[in-house]
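All remarks here apply to the structure that follows.
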Amino acid sequence: MIQETATPEVRLDHPIRNFSVQLSPTPRGARLARLLATEQLRSWEIPLDPARQVAAELAANAATHGRVSGRDFRLTLYVVADTLRIEVTDTCGDRPPCPQDPTPDAESGRGLVLVEALADRWGVAQGPHPRKTVWAECAL
Ligand SMILES: Nc1ncnc2c1ncn2[C@@H]1O[C@H](COP(=O)(O)OP(=O)(O)O)[C@@H](O)[C@H]1O
Ligand SMILES: [Mg+2]
């Protein structure tokens, strides 16, 4: 008996949009994260703001507060349906981010406040040990 197998036809409105890069936890690594995120958004024809600011803040935090000498951090961007997800994974899982309530003249402590204001959702996922991932989602 001849069996016909129908090949499902899958049509994608967009090609799969997924980008990931490993960077050193240094000012240069943080700067590269910002530049690469910007370029990626541009090539996907996604509005640059607010996603690039969110990616820049999370990368800056990974390179400073989440820094472990000799271990890189990872920036991942991907699009699912109409949401852009930004993930920054560092190897300092035992130290969680702690959003602050900066005083008006404080020079630091605004990064996560900004992420909270700009992203639709954000959070932290622990593991696998010793990693943690700080993620944020922006509706497109
Ligand atoms: N990836 C991270 N790993 C560990 N601690 C973090 C991380 N991101 C943020 N934090 C903690 O949360 C605090 C608030 O972060 P943020 O609002 O970006 O302010 P700032 O970076 O200016 O201190 C930081 O001072 C730090 O203690
Ligand atoms: Mg910060």
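The values are calculated or read from the model by the stated rules, or taken from the named source; none is laboratory data. Predicted, not measured: the structure shown is a model, and the values here were computed from it. Positions of Cβ are backbone-derived with ideal geometry, glycine not excepted, and every protein chain shown enters the neighbour counts.
A few points about this structure:
- Neighbours by Cβ (under 8 Å, 6+ apart or cross-chain): first from the stretch 92-119, closer than 13 Å to Ala55 by Cα and free of Cβ contacts under 8 Å to residues at least 24 places away in the same chain; second among the small types (Gly, Ala, Ser) and in a helix (DSSP H, G or I): none
- Every residue from the stretch 54-112 that is closer than 15 Å to Thr26 by Cβ, within 12 Å of ligand 1 (Cβ to nearest atom) and of a type in the set (Asp, Glu): Asp90
- Flag for Glu116 being farther than 27 Å from Glu39 by Cβ and surrounded by fewer than 18 Cβ atoms within 10 Å (Cβ to Cβ): no
- Residue in the stretch 94-112 that is part of a loop (DSSP other than H, G, I, E, B), at pLDDT 95 or above and away from ligand 2 (no atom under 15 Å from the Cβ) present: no
- Check on Arg131, without any contact (Cβ under 8 Å) to a residue 12 or more places away in the chain and surrounded by 13 or more Cβ atoms within 10 Å (Cβ to Cβ): no
- Condition met for Thr76 (under 15 Å from Leu23 (Cα atoms), surrounded by fewer than 19 Cβ atoms within 10 Å (Cβ to Cβ) and in contact with a Ser or Thr (Cβ under 6 Å, 6 or more places away or on another chain)): yes
- Scanning the stretch 24-63 for residues that are among the aliphatic types (A, V, I, L, M) and away from ligand 2 (no atom under 16 Å from the Cβ) yields Leu32, Leu35, Leu36, Leu41, Ile46, Leu48, Ala51.
- A single entry from Asp90, Asp94 fulfils the requirement of being among the acidic types (Asp, Glu) and surrounded by fewer than 18 Cβ atoms within 10 Å (Cβ to Cβ): Asp94.
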